[in-house]
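Read-outs: derived from the displayed coordinates by stated rules, not from any lab. Bear in mind the structure is a predicted one, so any value in this text is a computation, not a measurement. Note: ideal-geometry Cβ built from the backbone for every residue, glycine included; neighbour counts use all protein chains shown.
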Amino acid sequence: MVLPCLNEAEALPWVLERIPPGWRALVVDNGSTDGSDRVARAYGATVVHEPRRGFGAACHAGLTAATADVVCFCDCDASLDPSLLVPFVREVRGGEADLVLGRRRPRGSGAWPAHARASNLALARMLRRRTGLRLHDLGPLRAARREPLLALGLTDRRSGYPLQMVVHAADAGWRIAEHDVPYLPRTGTSKVTGTWRGTWQAVRDMSRVLSEAPADRGGTVR
């Protein structure tokens, strides 16, 4: 499981305690200054250091370092429970889907700021027009096979990485599923959607991804 991390020492224990038994937790430290790497190791996680800042840089470093056939992604801020990925992995391994995404359903006050939710909705509509996929969310909780993910040729290393994964997968004819998951108030302050500036940067990154021309990416994964 890939867990991109930037200053999440407070949230990491909650997240790592919920990693399913037998799964390997890869915490990708993206330049933390709060001792996140030490906390991760104390809870049994493997730490990968990615000095190049960016959500996509951290995610891709984790994907590259992973060794499992099926790789999962989850935030380290305690907003999403990694144990929710168990049925996602089962669906991928069972051949029912090639990429499984979590549709965030807010639980509790402040779980999803209004401006972040509005931008996500707008991007989801743009994604539908670009790919025809009836998706509602571009959230970080997801599962897919590692080798096909690497073959997608993902190049975004900022906030557009999750969207680029979906766009390239759609271009390749992947079967993409989406399931509701509870979305909790995060621990600490978001580096992306916690501010209007961060949200605007994320929207700009993702809009750039959506402007890419469709490409042949090898057909449907089976």
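Amide H contacts of R103: H179, D180, V181, each under 5 Å away and 5 or more positions distant or on a separate chain (H built 1.01 Å from N in the peptide plane; Pro and chain starts excluded).
Seen from C59, the other residues with C-beta closer than 11 Å to its C-beta sum to a net charge of 0, counting Lys and Arg as +1 and Asp and Glu as -1. Both radii are taken from the alpha-carbon atoms of region 18-110; with Rh as the Kirkwood radius, Rg/Rh is 0.97. Within the shell of other residues whose beta carbon sits under 14 angstrom from the beta carbon of R130, the net charge comes to +3, with Lys and Arg scored +1 and Asp and Glu -1. In order along region 174-181, the phi-based Karplus estimate (6.51 cos²θ - 1.76 cosθ + 1.60, θ = phi - 60°) of 3J(HN,Hα) comes to 5, 8, 10, 10, 9, 10, 5, 9 Hz; Gly and Pro are listed as x. Summarising the amide proton neighbourhood of V28: residues at separation of 5 or more, or on other chains, whose placed amide H is nearer than 5 Å comprise L3, C5, V48. Once the convex hull of all Cα atoms in region 57-137 is built, its volume per residue stands at 133 Å³.
Projected label points at W23 and D69, each 7 Å from Cα along the beta carbon direction, are separated by 1.7 nanometres. Derived value for the chain: Kirkwood hydrodynamic radius 17.3 Å. Basis is the mean of 1/r over every pair of different alpha-carbon atoms. For V48, neighbours were defined as the other residues whose beta-carbon sits under 10 Å from its Cβ, and their charges (Lys and Arg +1, Asp and Glu -1) total -3.
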